[in-house]
Amino acid sequence: MDFQDSKRIKFITYAGVLLAIAALFPALHLPQYITGPVVNFTLIIATYILGIVGGVTVGCFTPWVAFISGLMPVAFLPPIIMVGNGIYTLTFGILKNYGMKGKILGVVIGAVLKYLFLSYAVTHLVKAPPKLIQMLSLPQLFTALVGGTIALVVMKSGYIPEKVLK
């Protein structure tokens, strides 16, 4: 096995573990203010370790797993959440290369953009019921900021090295 094979195996392993956490944690049926930060933490850590492609990939799979498992009741939601997760991870992924300030800005700007997109989508692009509109608006900003902040603390601690796959 050469270095590239080893790197691919690590990537797939980390992606699988992070996807499992992000996709299966909601199955515990905990409140949104607990589940949301865990999922968003996982998205930021996935982007930190695996890069933009890894973070976006994890963020795109999680809503489909939730839908297929019955945790997400409406079929139009997975694509909307995929885009929101993609915005969040892409923003962080671009800005993470500018030191800790960039990482902080990536979480904050990414969270705000995700919130704005999801809020707009459920109020203007689809006819979502009021309960879904409520779940996919301000709580999304809160959970993305909390999950991202926890991820920043973990990154700052050095517990998870950024160069895992290098």
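The values are calculated or read from the model by the stated rules, or taken from the named source; none is laboratory data. Computed from a predicted structure; not experimentally measured. Here Cβ is always computed from backbone atoms with ideal geometry, including for glycine, and neighbour counts include all displayed protein chains.
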- Query: in contact with a Phe, Trp or Tyr (Cβ under 8 Å, 6 or more places away or on another chain), assigned to a helix (DSSP H, G or I) and not hydrophobic (A, V, I, L, M, F, W, C) - does that describe any residue in the stretch 69-79?
  - Reply: yes
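Residues checked against (1) within 12 Å of Ala151 (Cβ to Cβ); (2) surrounded by 20 or more Cβ atoms within 10 Å (Cβ to Cβ):
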site	(1), (2)
Ala20	no, no
Ala23	no, yes
Ala27	no, no
Val39	yes, yes
Ile45	yes, yes
Leu50	no, yes
Cys60	no, no
Ser69	no, no
Pro73	no, no
- Task: Using the structure shown, decide if Ile109 is touching a residue at least 60 places away in the same chain (Cβ under 8 Å), buried (at least 16 other Cβ atoms within 10 Å of the Cβ) and of a type in the set (Val, Ile, Thr).
- Result: no
- Selected residue [modelled with pLDDT of 95 or more, outside any loop (DSSP other than H, G, I, E, B) and exposed (fewer than 14 other Cβ atoms within 10 Å of the Cβ)] from Lys101, Lys114, Lys131: Lys101
- How many residues of the stretch 134-159 are exposed (fewer than 13 other Cβ atoms within 10 Å of the Cβ) and farther than 19 Å from Gly84 by Cα? The answer is 5
- Restricting attention to the stretch 40-61, does a residue exist that is of a type in the set (A, V, I, L, M), touching a Ser or Thr at 6+ places or on another chain (Cβ under 6 Å) and part of a helix (DSSP H, G or I)? yes
- Count, please, the residues in the stretch 46-79 that happen to be of a type in the set (Val, Ile, Thr) and more than 10 Å from the chain's Cα centre (by Cα). 6
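Condition check ((1) acidic (Asp, Glu); (2) on the phi < 0 side of the Ramachandran plot; (3) in contact with a Pro (Cβ under 7 Å, 6 or more places away or on another chain)) across all residues:
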| position | (1), (2), (3) |
| --- | --- |
| Gly99 | no, no, no |
| Lys103 | no, yes, no |
| Gly110 | no, yes, no |
| Phe117 | no, yes, no |
| Val122 | no, yes, no |
| Pro130 | no, yes, no |
| Phe142 | no, yes, no |
| Gly147 | no, yes, yes |
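Pick out the one residue from Thr143, Thr89 that is in contact (Cβ under 8 Å) with a residue 12 or more places away in the chain, within 26 Å of Arg8 (Cβ to Cβ) and hydroxyl-bearing (Ser, Thr, Tyr).
Within the list Thr143, Thr89, the selection yields Thr89.
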- Query: Has the stretch 82-90 got any residue that is part of a helix (DSSP H, G or I), among the small types (Gly, Ala, Ser) and surrounded by fewer than 19 Cβ atoms within 10 Å (Cβ to Cβ)?
  - Reply: no
- Within the stretch 3-57, residues being among the β-branched types (Val, Ile, Thr) and under 23 Å from Ser137 (Cβ atoms) number 7
